[in-house]
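Everything below concerns the one structure shown next.
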Amino acid sequence: MPERRTVALVTLGCARNEVDSEELAGRLEADGWDLVEDAADADVAVVNTCGFVDAAKKDSVDALLEANDLKDHGRTQAVVAVGCMAERYGKELAEALPEADGVLGFDDYADISDRLQTILNGGIHAAHTPRDRRKLLPISPAERQESAADVALPGHAPVDLPDGLAPASGPRAPLRRRLDGAPVASVKLASGCDRRCSFCAIPSFRGSFISRRPSDVLNETRWLAEQGVKEIMLVSENNTSYGKDLGDIRLLESLLPELAEVDGIERVRVSYLQPAEMRPGLIDVLTSTPKIAPYFDLSFQHSAPDVLRAMRRFGDTDRFLELLDTIRGKAPQAGVRSNFIVGFPGETEADLAELERFLNHARLDAIGVFGYSDEDGTEAATYDNKLDEDVVAERLARVSRLAEELVSQRAEERVGETVHVLVEGVGAEDAADGAYGRGEHQAPETDGQVLLTSGEGLSVGRMVEAKVVGTEGVDLVAEPLPGTLACSEEADR
């Protein structure tokens, strides 16, 4: 009997990439590959790259080079790049990085097993020539679903697999294989983006916006619940646009309650919301539906009107604050996070001061700050009024310090609150003798965590109530409430 082929997937970047990696894992496992965690134990190391900003691109190149080093003293025979950086640069990446034995674009995902086998056998699969993926689907959203079958859409794989690969009960398995046992998993709601922000290249290599059908999202969620997942996070480039190509821009408002009713799911979280597209009905559902986290990952990017217009975005400080007031009027403990770009071309000291005014009043739970840098193929890269690199660096440091101070203050405001914590670790080194997890206002990896003062009787995947008694920067310290464990045990039964 021939020795089975082994493959390891190394994932960089965002939660959307994690979903794509699990789809690739599902395809490979279905075709007879053994999946291993450590690239050193794999015949082929597949690096799912990020191509968003310079720092992410550097991390992707470093990961490819690190995997290539394994070929000298490990089992690894080939290193293959996939993901956004591979899609965005194609032949250019292959020529600049000969250490990669293959550079595969999204169009290769459906045939990933054959591609890897060819490379493992010493063959060459030519890297693709990048193209603007926005041109692959009709301009009109209403006409896109009919054309979607002919376009590679990572994370949109069919839900059904052949007989024998489905779980013993419940829904048929999606073309996906979990790569960890965490109690939280991302579910792709849509792909692509129709917005034309002047600083962002994502639409050019991820394509135009297209929604997954609600039945696929629901069935995948049911399958994940069977795998022990307790929280799902809906991901896409722009969740507020969900349904516009299916004839119902309010489809998310009706889908969320259905997801919350899936047996085994304790919490549903929605990521990446556009402030300009927030609807009163969506705010109502996010703030009042049981098991739906009152969590708002709002893409503000800046608050000075002139900078936002140059970014081809909408809003200003006062309108953004009004939106936050509306949200907190309905759910005072709602979590809010956002990212911001400083040093954008033409940004003045007055613009920066306006951003600081917004941050000081917004009471955000988590803040990401990035210094502007040119991105290939974007409109902003052609702007003339660029700031010197040292000015951008100084503004980045200045706003980052302010952000760190403000999120710590916001955490302190939560002392005394009761939080619902999904336990993600017990007795870990960073939790001392207790446990750690996340509250409703905290998304995985980006927004801090809750350190529980006791881990007695707790296990990973439990949802417990706890009272916040202190803070450690952005992290909360909380004490499990009496009776919480008993309730959790009853729920498990």
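Taken together, the values in this text are just the output of simple stated rules run on the coordinates, not laboratory data. All values reported here derive from a predicted model rather than from experimental measurement. Cβ atoms come from the backbone with ideal geometry, glycine included; neighbour counts cover every protein chain shown.
Under the 0.36 nm per residue contour assumption, what length would be gained going from the current alpha-carbon distance of Asp263 and Val460 to full extension? The partial results should precede the final answer.
On the way: separation 197, 0.36 × 197 = 70.92 nm, distance 1.79 nm.
Taking 0.36 nm per residue and subtracting the Cα distance, the gain is 69.1 nm.
How much length, in nm to one decimal, is gained on full extension between Arg250 and Glu92, taken as 0.36 nm per residue of separation minus their Cα-Cα distance?
Working: separation 158, 0.36 × 158 = 56.88 nm, distance 4.10 nm.
So the chain would gain 52.8 nm between Arg250 and Glu92.
Taking 0.36 nm per residue of sequence separation and subtracting the Cα-Cα distance, how much length would be gained by fully extending the chain between Gln227 and Lys135, in nm to one decimal? Write out the running numbers ahead of the final one.
Numbers: separation 92, 0.36 × 92 = 33.12 nm, distance 3.74 nm.
Stretched fully, the Gln227-Lys135 segment lengthens by 29.4 nm.
Under 5 Å between amide hydrogens, built in the peptide plane, is the criterion, and for Ile292 it picks out Val268 among residues at least 5 positions away or on other chains.
Three semi-axes describe the equivalent ellipsoid of the chain; taken as square roots of 5 times the Cα gyration tensor eigenvalues and ordered largest first, they are 34, 30, 23 Å.
With a Förster radius of 45 Å applied to the C-beta separation of Arg178 and Asp390, the computed FRET efficiency comes to 0.50.
3J(HN,Hα) along segment 220-236: 5, 5, 4, 5, 4, 4, 5, 7, x, 6, 10, 10, 10, 10, 7, 10, 5 Hz, from the Karplus curve 6.51 cos²θ - 1.76 cosθ + 1.60 with θ = phi - 60°, whole Hz, x for Gly and Pro.
If you take every DSSP beta bridge fully contained in the chain, what fraction is antiparallel? Give it as a percent rounded to 5. List each step's numbers first, then the result.
Details: 20 of 59 bridges.
Of all bridge pairs located within the chain, approximately 35 percent are antiparallel.
Across segment 342-436, how large is the tail of the calculated P(r) beyond 24 Å, expressed as a percent of all Cα pairs?
Numbers: 1966 of 4465 pairs.
Across segment 342-436, Cα pairs with separations above 24 Å total 44 percent.
Between Ala276 and His361, the FRET efficiency from the beta-carbon distance, with R0 = 25 Å, is close to 0.80.
In this structure, the residue pairs whose Cα-Cα separation is over 30 Å, taken from Lys58/Lys467; Lys244/Lys467; Lys58/Lys135; Lys58/Lys230; Lys230/Lys330, are Lys58/Lys467; Lys244/Lys467; Lys58/Lys230. The simple spin-label model puts a point 7 Å past each Cα toward its Cβ; for Thr326 and Asn121 those points are separated by 5.8 nm. Across segment 29-43, rounded Karplus estimates of 3J(HN,Hα) from the backbone phi angles (6.51 cos²θ - 1.76 cosθ + 1.60, θ = phi - 60°) give 4, 4, 9, x, 7, 8, 8, 10, 6, 8, 4, 5, 9, 10, 5 Hz, Gly and Pro being marked x.
Taking every pair of Cα atoms in segment 384-481, average 1/r, invert it to obtain the Kirkwood radius, and report Rg/Rh to two decimals. Walk me through the numbers before you get to the answer.
Numbers: Rg = 17.0 Å, Rh = 14.6 Å.
Value, to two decimals: 1.16.
Residue by residue through segment 77-82, which ³J(HN,Hα) values in whole Hz follow from phi under the Karplus form 6.51 cos²θ - 1.76 cosθ + 1.60 (θ = phi - 60°), with glycine and proline marked x? Taking θ as phi minus 60°, the curve returns 10, 8, 10, 10, 9, 10 Hz for segment 77-82.
Amide H contacts of Arg212 (H built 1.01 Å from N, in plane; Pro and chain starts excluded): Ala190, Ser191 sit under 5 Å, all sequence-distant by 5 or more or on other chains.
With N as its number of residues, segment 46-140 has a Cα radius of gyration that, divided by 2.2 N^0.38 Å, comes to 1.10.
First select every other residue whose beta carbon is under 10 angstrom from the beta carbon of Ser241; then total the charges, Lys and Arg +1, Asp and Glu -1.
Working: positive: Arg195, Lys244; negative: Asp194, Glu237, Asp245, Glu277.
For residues surrounding Ser241, the net value is -2.
Counting only C-alpha contacts under 8 Å and six or more residues apart, can you give the relative contact order of the chain as a whole percent?
Working: 1014 pairs, mean separation 44.7, N = 493.
Value for the chain: 9 percent.
Amide hydrogen proximity for Gly368: with H placed 1.01 Å from N in the peptide plane, the residues at 5 or more positions away or on another chain lying under 5 Å are Ser338, Asn339, Phe340.
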